[in-house]
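First up is the structure itself, then whatever we jot down about it.
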């Protein structure tokens, strides 16, 4: 009979004590005992500050970081040896809760790893050819009805709830653990249209709140129609729909009058495809919405088009609108506001203000009162250029904050340093008759190519920034990368963004990935949140194929930073395939590591059961920037302990979900033939020695033997583990317990011998 988790846990001296209790109890329904040692949710916390209180890795010792382990996410042979070269990009941000690391891989699998070694505990494989969302999962600690769970979306429009203990579906949620989000209410133009859940949901009390991925259309006739981008909340136990917020207001709803005529009908886009945040104390959910479809042409949607490219605050319990702030009116630049609205507390004009920081592809930063939505720093509506596309309804003004200054360039300056690249860029512009925008919000041009900054890549992309509350600094990476666009008539009486540059071709030499704007092409920027002033700017990235002395150009990227109490900012992101650490106070680059591929993701930091701090990041390359290097690696770093041990290399297993989950307490049955088969394989990894047989007999009654092979403890720690096992019912005499202690201490000592 399964025992329920206790309401609280006593302090654990090491990870195996936790694992032993885990075999008798499910994961606790409370928050992690030491939240700063974990990374329990995407963006670290509900406010998305991405600040960790860990401080073992500091400015003084960060140069001593080394690779601790590497997990190859792709099942089968390691990346360097595989004959299958179908690699998939990932933007996953792993979660660490206790002695569990939950990873959503791009190969249709969710896995639980040991955070200290990268070895697998269990695997959940999605059925069929479905793929999990690129950006990870949301962890929920559970309650008396449903145990600790993971929630994540898929490319088939499903929302899954699986057990965090063993990876099995929570069968009472939806249909066998999954809710089909593609309901008739949102699939306005039929179920054959694209609808996915690209980012993890957020959780408020007993509600799972989801955004939507609706695609971006193709322009032309009916190019803006399709699935609705509504935000919805579902019962966390059953998956039943609780509330819906219409992202395109309907008749009688606030904002409906910003859609001319019937342009609101079946309008797609206006969806949260990025990260939402929640003020848990006040019960407010903050939603960053993207542009309406089609997002380059707004002829068929006159008006400001709420709630497109806006930040919207709702009552999280009911879905009632509280306030909204539109960052871009009538968006025709694809300037989606998808970065997580970061919740901060600031001191300004003698007042303490609960605030929310809003950044997006424009490279502008707005600081709003998160209760009222009113700007903390003045915002002015300024005139912007008009559109020359016939019938376009470009807004005559756009909002600009007084502080801070633009984080990224907003006018195009052509590259002019190295002669060869200078000549290439000039010919590129001249041969294609491109116009280079000199003012912000210059609309896409009619029948000719135009380039404006920021481009559709940003500015600031979906990852957003991180906030260090001890320094009052908001740190964010920005791009300086344009994208040519051209609006032409189509064959249906409409208009499309057309030509060889209409898709994701950037304003650069595509073979060498060299932008044609003036450097820096990538920067890390820190803003003093209390004054709104830029604290520092630092070059982010190198152009390796430039000559020495010219390489510090900065590089465009996708991904974002984290900050720690050790005074450090960690970031991958750039397409030069580096992982870096900066001094958060000064912006000085302190450490860099060459990755196998670019990390278009957000790193995490945590401690293992021995209280050793790690920093980990997913590095796969191949995303929006089409970086040429590809990989499947999740890499964890820790400080060099002088042992000389080589990194632990772990390959994703090809074992089934059943074999992985059978080792959990709920399924581990000693008499079951499957269990016995697993035990025989695991026993082979236990070295010979006095006490080996009694260890196998006494310990396999409750859990798999891999529990031990993944640990390295001192003699006293092993003694504590064995005594805890005895107290919980392990069948062994006092003399046998001493034999087990001695065997484990010798077989799995604190310092593992070199293999």
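Read-outs throughout are calculated quantities, based only on the coordinates presented, and are distinct from any laboratory measurement. A quick note: this is a predicted structure, and the numbers were derived from the prediction, not measured. We place every Cβ from the backbone using ideal geometry, glycine too, and count neighbours over all the protein chains shown.
Under the classification rounded if a/c is under 1.5, otherwise prolate if a/b is larger than b/c and oblate if not, where does segment 400-445 fall, given a ≥ b ≥ c as square roots of the Cα gyration tensor eigenvalues? Judged from the Cα gyration tensor, segment 400-445 comes out oblate (a/c at least 1.5, b/c at or above a/b).
Between residue 533 and residue 592, what is 0.36 nm times their sequence separation minus the Cα-Cα distance? Round to one decimal in nm.
18.5 nm
Extension gain for residue 735 to residue 143 (0.36 nm times residue separation, less C-alpha to C-alpha distance): 209.1 nm.
Using the Cα gyration tensor of segment 529-651, with a ≥ b ≥ c the square roots of its eigenvalues, what is the shape: rounded (a/c below 1.5), prolate (a/b larger than b/c) or oblate (neither)?
On the way: a/c = 1.69, a/b = 1.13, b/c = 1.50.
Taking the square roots of the gyration eigenvalues as a ≥ b ≥ c, segment 529-651 is oblate.
Please give the per residue volume of the convex hull enclosing the alpha carbon atoms of segment 216-363, rounded to a whole number of Å³. Mind dumping the intermediate values first?
Numbers: hull volume 18.1 nm³, N = 148.
So the per-residue hull volume is 122 Å³.
With equal scatterers on the alpha carbons only and no solvent term, can you work out the Debye log10 of I(q)/I(0) for segment 182-275 at 0.21 1/Å? Once normalised to I(0) and log-transformed, intensities are -1.08. Quick check on the chain: take the gyration tensor over C-alpha atoms, sort the square-rooted eigenvalues as a ≥ b ≥ c, and tell me if it's rounded (a/c under 1.5), prolate or oblate. Prolate, since a/c reaches 1.5 and a/b exceeds b/c.
Evaluate E = 1/(1 + (r/R0)^6) for residue 405 and residue 518, where r is the Cβ-Cβ distance and R0 equals 22 Å; express this FRET efficiency to the nearest 0.05. If you can, show how the numbers build up before the last one.
Working: r = 17 Å, r/R0 = 0.79.
Between residue 405 and residue 518 the formula returns 0.80.
Need one number: % antiparallel among DSSP beta bridges in the chain, to the nearest 5.
On the way: 125 of 134 bridges.
So the antiparallel bridges in the chain amount to around 95 percent.
Ranked by the mean number of other Cβ atoms within 10 Å of their residues, highest first, the peptides 44-55, 637-648 fall in the order 44-55, 637-648. The C-alpha atoms of the chain define a longest principal axis, and helix 715-727 lies at about 80 degrees to it. Stretching the chain fully between residue 435 and residue 610 yields a gain of 57.1 nm (0.36 nm per residue, less the alpha carbon separation). Based on the convex hull around the alpha carbon atoms, segment 469-616 presents an average projected area of 12.9 nm².
Computed over segment 364-411, the range of Cα coordinates on each principal axis works out to 40, 25, 13 Å, biggest value leading.
To the nearest 0.05, what FRET efficiency results for residue 129 and residue 237 with a Förster distance of 35 Å applied to their C-beta separation? Working shown, then result.
On the way: r = 29 Å, r/R0 = 0.83.
Efficiency at R0 = 35 Å is approximately 0.75.
Cα centroids of segment 135-187 and segment 216-278: how far apart, whole angstrom? A separation of 22 Å, based on Cα centres.
The label point for residue 414 and the one for residue 347, both projected 7 Å from the Cα toward the Cβ, are 5.1 nm apart.
As a test of the formula, what do you get for the chain when each DSSP H run with n ≥ 4 contributes -39,500 (n - 2.57) and the sum is divided by the residue count, at 222 nm and rounded to the nearest 500 deg cm²/dmol?
-3000 deg cm²/dmol
The modelled label-to-label distance between residue 470 and residue 397, using points 7 Å beyond Cα along the C-beta direction, is 4.3 nm.
So if R0 is 22 Å, what FRET efficiency would residue 244 and residue 191 give, r being the distance between their Cβ atoms, rounded to the nearest 0.05? List each step's numbers first, then the result.
Working: r = 18 Å, r/R0 = 0.82.
For residue 244 and residue 191, the calculated efficiency is 0.75.
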